[in-house]
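Presented below is the structure to which this report refers.
The values are calculated or read from the model by the stated rules, or taken from the named source; none is laboratory data. Values in this document were obtained by computation on a predicted structure and should not be read as measured data. Glycine also receives a Cβ, built like all others from the backbone with ideal geometry; neighbour counts cover every protein chain displayed.
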């Protein structure tokens, strides 16, 4: 028959160890080092908010390689459609917009500059135009909306009360250099 004293002694030892572990767990739970349940809840909420903020910050970086490829295609398309290869294309487009909006070109000066960054050569345009106010306004709007890339730097209106409105305009566009 098994020795009951040995078994009782082992059970007492096991119970004492479990009581010690329970006491230690209770001390840790109620200890000021760990904090109250409310402070742990507040800390958890702060950490959750921090996680949400950081997740939103990195969201634009999701699928970055695909976005870079798409941006490259969009840049190439922009260069192909918006910049002229020859200066004659700029002259033709400017003349077409002026005649299409009922504006008379009195004088135009095209001044190509040195090739800049990106393989683009800036071309400054200074034009003296004449027409009624409405046609000049439509012409400026057409320039801004045109497929070719025009940047209007300055516009000066003038003229006499009886005659047509005169417009001096300075703008710039770009040529694809080395094409």
Worksheet item: Residue check: is residue 96 out of contact with any helix residue (DSSP H, G or I) (no Cβ under 6 Å at 6 or more places or on another chain) and modelled with pLDDT of 90 or more?
Response: yes
Discussion item. Are there strands (runs of 3 or more DSSP E) fully within the range 83-179 with at least 3 residues that are surrounded by 14 or more Cβ atoms within 10 Å (Cβ to Cβ)? List them.
Written reply: 104-112, 120-131, 165-176
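Per-residue answers, yes or no, for (1) touching a strand residue (DSSP E or B) at 6+ places or on another chain (Cβ under 9 Å); (2) within 30 Å of residue 175 (Cα to Cα); (3) modelled with pLDDT of 85 or more:
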position	(1), (2), (3)
7	no, no, yes
21	no, no, yes
27	no, no, no
36	no, no, no
43	no, no, yes
50	no, no, yes
75	no, yes, yes
Worksheet item: If you go through the range 101-112 one residue at a time, do you hit one that is in contact with a strand residue (DSSP E or B) (Cβ under 6 Å, 6 or more places away or on another chain) and modelled with pLDDT under 90?
Response: yes
